[in-house]
Amino acid sequence: MSPLTRQQAAERVMDRADELAAISETPDALTRVSLSPEHLQANQRVGQWMQHAGMTVWQDSVGNLCGRYEGEQEGAPAVLLGSHLDTVRNAGRYDGMLGVLTAIEVVDNLHRRGARLAQAIEIVGFCDEEGTRFGITLLGSRGLTGTWPESWLATTDAEGISVAQAMVQVGLDPARISHAARNVADISSYLELHIEQGPCLEQKGLALGVVEAINGARRLRCQFTGEAGHAGTVPMNHRKDALAAAAEWMVAVESTTQRHGNNLVATVGEIRCVPGAVNVIPGEVTLSLDIRGPQDGPLDALLGELLTLAEAVAGRREVYFSAEEFYRIAATPCDFRLQTLIGEAVAAVQGESLSLPSGAGHDAIAMAERWPVGMLFMRCKGGISHHPAESVQAEDVALAIEAFGRAVTSLAASR
Ligand code: HGY
Ligand code: MN
Ligand code: MN
């Protein structure tokens, strides 16, 4: 691509990211959850951009938005590009969307030149990577890989609406989930461009990097159960305060994880206190635990220690502790050949490449169970993400499109 062409492509990506950011359940913050009216609206708009880039477009049976740009021969296997179109609450506008919009630019450039490659190129906008609505994640990529647990259909959101009901509400048929699964032979590899959501590239002064592996993760729903009581009459040494127990444990989660090192991280992101009244001693606290790390062994060792700590805190305070794991992802290495190919493209456009792990999860985790996956990272300001201050530079997007285009063209040039 000429510098002017890729700059124009980058500006289109920035404008479209702004347009998608306005498709939200609330006007003052970007929140777009799966199987919502906003999800369908975003699919429709992105589908138009895909069509404009010469692609045939469809929505699959779990709500992913899909597009295909044929190769030299109809029906050839495809290099699949993609990322997700759903967001967290009060999100940034590039997490997910950048990968879909840059992929469209790669195809658009081929289309404008009338170029066809040995392989087809497909793009998918996954419907639910974040898990914002139902707590379960990778619904779109697990639909495409045919690895949906049956139990997911009964999982409910905060309003008590199940995945199955939500599917029906947006015109999908829960009985047809398996129709989204693709044959392994249809796709040769999966590539995802994503913002780094961390500080490494920015600290190195680089726009682009190559992902070596995606951290493993464990997510649990934890609960401390004590005794609610009158805040004014129960003496301090008679209390079974569930929130005080949770607070003591949360501080220990932080210090224990820091002590373990090993690039391990732990987060308590959600907490709910019952009855939640100023003059009542909390009787029950539920809280989430999200822990991640590049190797599964140390990750499971940390989890074991944190749960033992919770039991000790509960015992000392004469309250009960329980925990239920609802999400487990193994540490996922990216395909070495794809890492090399992406690294060469990155070095060609920015003079050098940098390989780094991903602390964040991605749809590539599910995709790696069926096909070789590669990821291209682009820096974002201050590594800020999952926040409206998430921002990127158009110049970096232009470089990213160039590198992505080189990698995809090289990969799809042969079968
Ligand atoms: O939580 C994650 O790692 C991803 O952003 N969903
Ligand atoms: Mn995210
Ligand atoms: Mn993401």
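Treating each Cα of region 69-166 as an identical point scatterer and ignoring solvent, apply the Debye formula and state log10 I(q)/I(0) at q = 0.11, 0.14, 0.19 Å⁻¹. Calculated log10 I(q)/I(0) at the listed q: -0.44, -0.65, -0.93.
Relative contact order for the chain: 23 percent, from Cα pairs under 8 Å spaced at least 6 residues apart, divided by residue count. For Asp15 and Ile271, the difference between the fully extended length at 0.36 nm per residue and the C-alpha to C-alpha distance is 88.5 nm. The residues of region 216-329 present an accessible area of 53 Å² per residue when probed at 1.4 Å with all protein chains retained. Its Cα gyration tensor gives the chain an equivalent ellipsoid. The semi-axes, each the square root of 5 times an eigenvalue, are 41, 23, 19 Å from largest down.
Largest accessible area first, the residues Val349, Val62 order themselves as Val349, Val62 under a 1.4 Å probe with ligands, DNA and RNA left out.
Put a dot 7 Å past the Cα of His52, heading toward its Cβ, do the same for Val168, and the two dots end up 3.7 nm apart. Charge tally around Thr31: other residues with Cβ under 11 Å, Lys/Arg +1 each, Asp/Glu -1 each, net -2. Residues of region 186-204 with an amide N closer than 18 Å to a point placed 7 Å from the Cα of Glu74 along the Cα-to-Cβ direction: 186. Separation of region 117-179 and region 262-276, taken as the distance between their Cα centroids, equals 26 angstrom. Counting only protein heavy atoms, what percent of the accessible surface of the chain is carbon or sulfur at a 1.4 Å probe? Answer for the chain: carbon and sulfur cover 51 percent of the accessible area. Only DSSP H runs of four or more residues enter the estimate; each adds -39500 (n - 2.57), and after division by the residues of the chain the mean residue ellipticity at 222 nm equals -11500 deg cm²/dmol. What's the FRET efficiency of Ser391 with Arg221 using the Cβ-Cβ distance as r and R₀ = 25 Å, to the nearest 0.05? According to the calculation, E is roughly 0.15.
For the pair Ala158 and Cys200, label points projected 7 Å from Cα toward Cβ lie 3.3 nm apart.
Estimated at 0.36 nm per residue, the fully extended path between Asp28 and Thr233 surpasses their Cα-Cα distance by 69.5 nm.
Other residues lying with their Cβ under 12 Å from the Cβ of Ala412 contribute a combined charge of 0, Lys and Arg counting +1, Asp and Glu -1. What shape does region 155-304 have by the C-alpha gyration tensor, where a ≥ b ≥ c are the square roots of the eigenvalues, rounded means a/c under 1.5, and otherwise prolate means a/b greater than b/c and oblate the rest? Taking the square roots of the gyration eigenvalues as a ≥ b ≥ c, region 155-304 is oblate. Kirkwood radius and radius of gyration were both taken over the C-alpha atoms of region 216-329, and their ratio Rg/Rh is 1.03. Angle of helix 242-260 to the longest C-alpha principal axis of the chain, folded into 0 to 90 degrees and rounded to 10: 50°. Peptides 251-263, 8-20, 143-155, 215-227 ranked from most to least packed, by the mean per-residue count of other Cβ atoms within 10 Å: 215-227, 8-20, 143-155, 251-263. Given axes a ≥ b ≥ c from the Cα gyration tensor, I'd like to know whether region 301-382 is rounded (a/c under 1.5), prolate (a/b larger than b/c) or oblate. Since a/c reaches 1.5 and a/b is larger than b/c, the shape of region 301-382 is classed as prolate. Comparing Cα centroids, region 363-415 and region 21-82 end up 17 angstrom apart. Here the calculated FRET efficiency for Leu4 and Gln258, from their Cβ-Cβ distance with R0 = 45 Å, stands at 0.40, rounded to the nearest 0.05. Net charge in the neighbourhood of Ala398 (other residues with Cβ under 9 Å of its Cβ; Lys, Arg +1, Asp, Glu -1) is -3.
The angle between the Cα long axis of helix 336-350 and the longest principal axis of the Cα atoms of the chain comes to about 70 degrees, rounded to the nearest 10.
Between 0 and 90 degrees, the angle of helix 394-412 with respect to the longest Cα principal axis of the chain falls at about 70 degrees.
Computed on protein heavy atoms with a 1.4 Å probe, the accessible areas place His52, His386 in the order His52, His386, largest first.
The values are calculated or read from the model by the stated rules, or taken from the named source; none is laboratory data. None of these values were measured; they are calculated from a predicted model. Cβ sites come from the backbone with ideal geometry, for glycine too, and all protein chains shown count toward neighbours. All accessible areas refer to the heavy atoms of the entire protein, side chains included, with ligands and DNA or RNA removed. Shrake-Rupley method; radii C 1.70, N 1.55, O 1.52, S 1.80 Å.
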